[in-house]
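The values are calculated or read from the model by the stated rules, or taken from the named source; none is laboratory data. Here the structure is a predicted model, which means the values were calculated and not measured. FYI the Cβ positions are ideal-geometry reconstructions off the backbone, even for glycines, and counts take in every protein chain you see.
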Amino acid sequence: MFLNKKGFVLLETLVVTIFTLIIFTLLYTSVVPLLGRYKELSYYDNVDITYDLYYFKNIINSDSNFDNIRNNPKGYQKIECEQLANGNICNDLESILDFNSKTELVYLNMDKKDDLKRDENFSTDLRNYLDTIDTTGEVILLQKNSYVSYLNIKNKGGNISPPPDPGTPICTITISNNNSEAGITTSVSCNPNGGSACRSDNPTGDINLKTSKTYTVYNEAGNSSTCTVNISSKLQKAVCTTATWGNSKTENKASSCKAQSESDANKNLWNYVITCSNNGYTYGGSCTCNTSVLYSYVCNSDIYNLGGCSAYCNKVYFTTGSGTCTRKTTYKKTTKSRTGCSTWGAYTNTTSCTQENYKTSCRTIYIGN
């Protein structure tokens, strides 16, 4: 009896263990895929992505080229801004919303959903997302950074009525710094003209603009308009008058003097002329000739020109000599001041402007309207 009772307890333990393992196995195989599916679904129908898609829907639904995309025999197609009549607005919107090369904006007729699911030219995220869509007709899908969403754009029974047209925004340019050498400064503003808020593609305008430029403004509905600043340039010139020289000032014993002519001064627009005159030489030092009697001499031109003390003593007494003999040149420096050449005439329009002996000043004036 005791042995039979032990066998029953062992059997009972084994049955409970197997039952527990089965329960945990069922829970694991059910819960883990659900957790993975939940994580996957968290990337679907994201609010931010849906709002991004809404802005594109407003552009695409009213675009004159949209029928070309709808008529694709496949029933689905990736939408590129270049395919749209409002491609420039589409490009601007993609830039604002930080689209990248992996972002997919796709048109799909839901009758061709299975074909798109098998097309490996589209991302896995977008194709898996199709299993969660329960709708008919035509949709546009947006896959961006693994987030995916969709919006209906048309029903099979007919087109969805487009939203009211908010009108065309008004583009305005304000010009400053006109008639300047630096260039034109522009400031661009946008008036929504009764519609939703609008913005410019270059709200701060430009500084030092030297060529004509067109700016674009658009509102949230995708309507746009442009405004242009036209910039032209004119060559200008002014001529320096011939100098009148006078007011001379004389400086004697100048240590150096480099003469300058009035013609060179006029050519180079210098404000002074220097003339130099040589007043001769002065000598300094003394020499001693070593004969039986020592002879001492004050330096002069003869001693200096013979080559100095030793050369002089050797020639005159056939003996050696000592001492130094130097000479110094002095100049007279006359400076003339000028008037007139630093005064320029009025700038005038000209078809060409060439520098002429540095007396013609040329510049370009930029004019905007």
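The figures follow:
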{"item": "Test for Ile303: is it within 30 Å of Thr360 (Cα to Cα) and surrounded by 14 or more Cβ atoms within 10 Å (Cβ to Cβ)", "result": "no"}
{"item": "Subset of the range 89-104 that is within 21 Å of Asn219 (Cα to Cα) and out of contact with any Cys (no Cβ under 8 Å at 6 or more places or on another chain) - its residue that is surrounded by the most Cβ atoms within 10 Å (Cβ to Cβ)", "result": "Ile89"}
{"item": "Output for the range 234-270, where each listed residue is among the charged types (D, E, K, R) and either in the same structural domain as Asn179 (by TED's automatic domain parsing) or on the phi < 0 side of the Ramachandran plot (or both)", "result": "Lys234, Lys237, Lys249, Glu251, Lys258, Glu262, Asp264, Lys267"}
{"item": "Within the range 69-159, strands (runs of 3 or more DSSP E) holding 3 or more residues that are not hydroxyl-bearing (Ser, Thr, Tyr)", "result": "104-109, 138-144, 147-155"}
{"item": "So Asp125, is it surrounded by fewer than 14 Cβ atoms within 10 Å (Cβ to Cβ), in contact (Cβ under 8 Å) with a residue 12 or more places away in the chain and under 38 Å from the mean Cα position of the chain (by Cα)", "result": "no"}
{"item": "Hey, Thr241 surrounded by 12 or more Cβ atoms within 10 Å (Cβ to Cβ), among the β-branched types (Val, Ile, Thr) and at pLDDT 80 or above or not", "result": "no"}
{"item": "Those residues of the range 321-359 which are in a loop (DSSP other than H, G, I, E, B), out of contact with any Phe, Trp or Tyr (no Cβ under 9 Å at 6 or more places or on another chain) and modelled with pLDDT of 90 or more, in sequence order", "result": "Thr324"}
{"item": "Selection from the range 49-73 of residues that are more than 14 Å from Ile89 (Cβ to Cβ) and out of contact with any helix residue (DSSP H, G or I) (no Cβ under 8 Å at 6 or more places or on another chain)", "result": "Ile49, Thr50, Tyr51, Asp52, Leu53, Tyr54, Asp67, Arg70, Asn71, Asn72, Pro73"}
{"item": "Cross-chain or 6+ apart pairs with Cβ under 7 Å, the range 47-75 first and more than 19 Å from Val148 (Cβ to Cβ), then surrounded by 13 or more Cβ atoms within 10 Å (Cβ to Cβ) and among the β-branched types (Val, Ile, Thr)", "result": "Ile59/Ile89; Asn61/Ile153; Phe66/Ile60; Ile69/Ile79"}
{"item": "Whichever residue in the range 219-244 is part of a strand (DSSP E or B) and hydroxyl-bearing (Ser, Thr, Tyr) and, among such residues, is farthest from Lys333 (Cα to Cα)", "result": "Ser224"}
{"item": "Subset tally (residues that are part of a strand (DSSP E or B) and closer than 21 Å to Lys333 by Cβ) for the range 245-296", "result": "21"}
{"item": "Residue match in the range 28-38 (condition: within 60 Å of the chain's Cα centre (by Cα), modelled with pLDDT under 80 and charged (D, E, K, R))", "result": "yes"}
{"item": "Residue list for the range 301-320, restricted to those being in a loop (DSSP other than H, G, I, E, B) and touching a Cys at 6+ places or on another chain (Cβ under 8 Å)", "result": "Gly308, Thr319, Thr320"}
{"item": "Which listed residue, of Asn178, Asn193, Asn202, is surrounded by fewer than 19 Cβ atoms within 10 Å (Cβ to Cβ), part of a loop (DSSP other than H, G, I, E, B) and modelled with pLDDT of 85 or more", "result": "Asn178"}
